[in-house]
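Chemist: Sharing a structure with you now.
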Amino acid sequence: MHLRKLLLPLLAVSAAGLAQADEFHAKSSVSAVTLYVDAARITRQAQFDLPEGRHRLVLTDIPRTADLSTLQINLTGAQQTALLFREDGVPPRDATDPAVQAAEEVLRAAQAEMQLVHDEAAEARSEAEAARAALGFLAQLGSNEGLAESGADALRDISRMIAQEAGSAGQQALAAEVRARKIEEGLETLRKQVKAAKQALEAIQREDEDRLYLAVEVDVPEAGSAGIELSYFSQGVSDVMPTSEWHLSTGEKAEVLLKRGFGLQQQTGENWQDIDLTISTQQPLDQGEPSLLFAERRQIQDPLPAAPKQRVLALADSAGALAEPIVQPVVIEEVQSAWSIDTQGPGAVYHFDYPVSIASGADVLKLEMDQLTTEAEVVAVAVPRRDQTAYRVAHISNSFGEFLLPSYPVPMFVDGKLVTLGNFNGLVAGQEAELGFGSIPGLRLSRNVLSKSEGGRGVISRSNQQNEAVEISVENLTEQSWNIRLLDRVPYTQQEDLEITWQAQPHPVEENVKKQRGILAWEFDLAPGGEKLIQLETTLSWPEGKVLR
């Protein structure tokens, strides 16, 4: 930590004073968090009563994830004179922590309630067992050989008695079993309560027992209540994941609806309970000033022997090969939100107007924001060279006056039905975008090479030539008309010796689409059952002795 270097001069002067000061222990808790892309700025507070004089205020509940080189302290009712920081030898977390005791009490109560239900069900089933035992006895009594010597009247009375008692015992057994099953119906709710209590206790126990030690020497001008507020950064312990859903509504007037929010996780080593949450798109720990540019000195020297070639693995490929999949925690909570956004100045800052709680290393918290709606132009985009079907694409413009954050994966819905999971790369205000909403299986595409030849031509000056003719087809097997935009390509060159010509029937409506040379586009409407054919011929010519690449 850089804090040791920062504090050494101060500690040298005040070490004796700290040793003599009265010690007061304060319990702090996180009150506010600002989440950034690469860090979290955490604010924690503590309240306490101090007598007049010089004292030592001790805090032992700050997790090791805190970067105390960024620590800022504000005191009310007292004045700071010195600061002591310790990494090792910190007393462990108090086993009588009220949060742990409360969670354990909830778990014990739920488990006791479950045991009572089990006992009641067992008692009811014992009555059923007794009734079934009586039935067994009556069955044995009816088969007793000694009854054969009894008179007809006696046998009639005994049979009537056995039938009545057996019926009564059967009804008692059935009623007792029904009562037992009814009692056990409450077990499912209790099992859920026990599971929730165990999860709550586990979330608390996930908090690190190994904490930092911070001692603040203060002067108190007047006895009474005082407070301390600490603010610091923690890096790599939180994840801010913008979430979004795109819903396309078709019909007479196509519209696209965006549902957006945030998914949050944190691994600071302590739970955040009812905090004030802010999310910022800024990166305060990133580079904040231009890089230095140094003069370049060149020199010449004798050449070195050529080094043997070695196989090099690209960083991107190796990173992709070694990357492990993200495993989502099992606890997911959804919260309806009230929030505000500040877009003045650099970036955007989102503030949520209600308390937020996130357990460390356990919860994924989903914060819902708003729903934005805009008109859309829907077309079917066909790329026969690569695909067998056309795809539904909505053209939109960000008319909402703010940057729409990127997110992935993004569920894409058409008329309420999920069609695909895509990626959204973000959209600045005023920018246009094309959103893909899945394939259209009824729009079948084909691209067939009708002829392809290559050979020499000319009498005196020989050259090489390649000819290709293709037929592109789009067939509409759906029950609706589609506005189709079809894309294909012809080769291009930057060499004068390579001559490329092409012709198409019908001619494309656009060439060099999106400034990509050789990309062609056709646009047309296709009715149900209709088919569109496009003929495309390409010729390449180059001098003899050259090879086409």
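The values are calculated or read from the model by the stated rules, or taken from the named source; none is laboratory data. Given the structure is predicted, the values throughout are model-derived calculations rather than measurements. Cβ: placed from backbone, ideal geometry, glycine included. Neighbour counts: every protein chain shown.
Chemist: Given the criterion of a type in the set (A, V, I, L, M), under 31 Å from the mean Cα position of the chain (by Cα) and modelled with pLDDT under 85, identify the matching residue among 35, 107. Walk me through it before giving the result.
Modeler: Numbers: 35 fails: modelled with pLDDT under 85.
Matching residue, one of 35, 107: 107.
Chemist: Something else about it: Does segment 368-386 contain at least one residue that is within 30 Å of residue 274 (Cα to Cα), in contact with a strand residue (DSSP E or B) (Cβ under 7 Å, 6 or more places away or on another chain) and β-branched (Val, Ile, Thr)? Steps first, please.
Modeler: From segment 368-386, those within 30 Å of residue 274 (Cα to Cα) are 368-372; that's our starting set.
Going one step further and asking which of them are in contact with a strand residue (DSSP E or B) (Cβ under 7 Å, 6 or more places away or on another chain), we end up with 368-372.
Applying the additional criterion that residues be β-branched (Val, Ile, Thr) yields none.
Checking segment 368-386: not a single residue is within 30 Å of residue 274 (Cα to Cα), in contact with a strand residue (DSSP E or B) (Cβ under 7 Å, 6 or more places away or on another chain) and β-branched (Val, Ile, Thr).
Residue-wise test of (1) at pLDDT 95 or above; (2) hydrophobic (A, V, I, L, M, F, W, C); (3) farther than 30 Å from residue 250 by Cα.
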site: 343; (1), (2), (3): no, no, yes
site: 349; (1), (2), (3): no, yes, yes
site: 360; (1), (2), (3): no, no, yes
site: 387; (1), (2), (3): yes, no, no
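Chemist: Any residue in segment 497-518 that is outside the structural domain of residue 469 (by TED's automatic domain parsing) sitting within a Cβ distance under 9 Å of a residue that is among the aliphatic types (A, V, I, L, M)? List the pairs, counting only those 6 or more apart or interchain.
Modeler: Short answer, once both residue conditions are applied: none.
Chemist: Picking from 258, 248, 230, which residue would you name as being modelled with pLDDT of 85 or more, out of contact with any Leu (no Cβ under 7 Å at 6 or more places or on another chain) and among the hydrophobic types (A, V, I, L, M, F, W, C)? Before the answer, list the steps.
Modeler: Values: 258 fails: out of contact with any Leu (no Cβ under 7 Å at 6 or more places or on another chain); 230 fails: out of contact with any Leu (no Cβ under 7 Å at 6 or more places or on another chain).
Result: 248 is the single residue among 258, 248, 230 that is modelled with pLDDT of 85 or more, out of contact with any Leu (no Cβ under 7 Å at 6 or more places or on another chain) and among the hydrophobic types (A, V, I, L, M, F, W, C).
Chemist: For segment 3-24, does any single residue satisfy the condition of being under 40 Å from the mean Cα position of the chain (by Cα), modelled with pLDDT of 50 or more and closer than 15 Å to residue 214 by Cα?
Modeler: no
One line per residue, one yes/no per condition, for (1) surrounded by 13 or more Cβ atoms within 10 Å (Cβ to Cβ); (2) of a type outside the set (Lys, Arg); (3) farther than 30 Å from residue 252 by Cβ:
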position	(1), (2), (3)
472	yes, yes, yes
493	yes, yes, yes
496	no, yes, yes
500	yes, yes, yes
504	yes, yes, yes
524	yes, yes, no
541	yes, yes, yes
547	no, yes, yes
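Chemist: Please work out if residue 537 is of a type outside the set (Gly, Ala, Ser), surrounded by fewer than 13 Cβ atoms within 10 Å (Cβ to Cβ) and either out of contact with any helix residue (DSSP H, G or I) (no Cβ under 6 Å at 6 or more places or on another chain) or at pLDDT below 95 (or both).
Modeler: On the way: of a type outside the set (Gly, Ala, Ser): yes; surrounded by fewer than 13 Cβ atoms within 10 Å (Cβ to Cβ): no; either out of contact with any helix residue (DSSP H, G or I) (no Cβ under 6 Å at 6 or more places or on another chain) or at pLDDT below 95 (or both): yes.
Against the criterion (of a type outside the set (Gly, Ala, Ser), surrounded by fewer than 13 Cβ atoms within 10 Å (Cβ to Cβ) and either out of contact with any helix residue (DSSP H, G or I) (no Cβ under 6 Å at 6 or more places or on another chain) or at pLDDT below 95 (or both)), residue 537 does not qualify.
Chemist: Taking segment 36-77 as the search range and keeping residues that are closer than 18 Å to residue 265 by Cα and touching a Lys or Arg at 6+ places or on another chain (Cβ under 8 Å), which one is surrounded by the most Cβ atoms within 10 Å (Cβ to Cβ)? Spell out how you get there, then give the answer.
Modeler: First, the residues of segment 36-77 that are closer than 18 Å to residue 265 by Cα: 36-43, 63-66.
So of that shortlist, the ones also touching a Lys or Arg at 6+ places or on another chain (Cβ under 8 Å) come out as 63-64.
Values: 63: 19, 64: 14.
The selected residue is 63.
Chemist: Could you say whether any residue in segment 226-247 is touching a residue at least 40 places away in the same chain (Cβ under 8 Å), outside any strand (DSSP E or B), at negative phi and more than 20 Å from the chain's Cα centre (by Cα)?
Modeler: Within segment 226-247, none of the residues are touching a residue at least 40 places away in the same chain (Cβ under 8 Å), outside any strand (DSSP E or B), at negative phi and more than 20 Å from the chain's Cα centre (by Cα).
Chemist: Conditions: (1) buried (at least 18 other Cβ atoms within 10 Å of the Cβ); (2) of a type in the set (Ser, Thr, Tyr); (3) more than 18 Å from residue 281 (Cβ to Cβ). Residue 420 meets all but one. Number of the miss?
Modeler: It is condition (1) that residue 420 fails.
Chemist: Is there a residue being within 23 Å of residue 67 (Cα to Cα), touching a residue at least 24 places away in the same chain (Cβ under 8 Å) and in contact with a Ser or Thr (Cβ under 9 Å, 6 or more places away or on another chain) anywhere in segment 248-264?
Modeler: The first filter runs over segment 248-264 and keeps only residues within 23 Å of residue 67 (Cα to Cα), leaving 264.
Right, trim to touching a residue at least 24 places away in the same chain (Cβ under 8 Å) and you get 264.
Subset that is in contact with a Ser or Thr (Cβ under 9 Å, 6 or more places away or on another chain): 264.
Yes - at least one qualifying residue is present in segment 248-264.
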